[in-house]
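Below: the structure, in structure tokens.
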Amino acid sequence: MRYARVDGLGVFLDLRTSTYKVLDEVATSMLDALTGAADPEAELAGWCREYEIDPETARAELARFADTCVSDGLLGARGRDDGEPAPPSAEPLASAPRGPRVGRAVHALAATWRSLRADGFGPTYERYARIPVAPAASAPGACVRAFVRAENVWPSKRAPDDCLLRSLALFRYLRGEGVAAEHVIGVWRFPFLAHAWVECGGAPMLDERVSGFTPLARIAAADAAAR
């Protein structure tokens, strides 16, 4: 589960189901109170003034909202055992084949397409989040040119609008080439849009449409260094 404030409202991304949930102003305020992002007492006092309710009613509504967040998986239940075992990790990815860069890029596109088709977004994203950066670094520019040529060999039926397949494949390919790529999922609240892209050194690669999107989920370069 990933969360960010977008234009003042809370937005959740459920990586397991690849669904989004946008909170309204009241729900965002309640979430701030529950998570400590705002002073709970100050928020409660504001609700009482704005909606002309008594503190007991406000606290009851906050408790009801908290239960809903837990049941929907937006928040963890209090008192949860931190020693609870994590779910089994996904199988490691097979190594990219040796050979020309274009061939390795085609392999990344085909493997990503198969993974999304067979396993869905959640398991694929989990596996890709564990991809390390290969030790032998390649020039990002040469890798991007090879990837563009590979897209002519393995075109997506939804190209150029299939940002999820393209970004995950590019991310996988670049990390296999030793480029510290980062995968980003961002949203635009109104009209609601979601977009996925790849960055290197803070700059988007093969994508000029990221302006205005608020990052919601990121597989950072530092994540790979710690694996």
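The single condition among (1) of a type outside the set (Asp, Glu); (2) modelled with pLDDT under 90; (3) open to solvent by less than 60 Å² (accessible area, probe 1.4 Å); (4) under 30 Å from residue 7 (Cβ atoms) that residue 156 does not meet is (4).
Scanning the stretch 203-227 for residues being more than 16 Å from the chain's Cα centre (by Cα), assigned to a loop (DSSP other than H, G, I, E, B) and either in contact (Cβ under 8 Å) with a residue 60 or more places away in the chain or more than 20 Å from residue 101 (Cβ to Cβ) (or both) gives a total of 7. What is the one condition in (1) assigned to a loop (DSSP other than H, G, I, E, B); (2) modelled with pLDDT of 90 or more; (3) out of contact with any Lys or Arg (no Cβ under 9 Å at 6 or more places or on another chain) that residue 114 does not satisfy? All conditions pass for residue 114, except number (1).
The values are calculated or read from the model by the stated rules, or taken from the named source; none is laboratory data. Since the structure is predicted, the reported quantities are computational estimates derived from the model, not experimental observations. We place every Cβ from the backbone using ideal geometry, glycine too, and count neighbours over all the protein chains shown. To get the accessible areas, we keep the full protein, side chains included, count just its heavy atoms, and leave off ligands, DNA and RNA. Shrake-Rupley method; radii C 1.70, N 1.55, O 1.52, S 1.80 Å.
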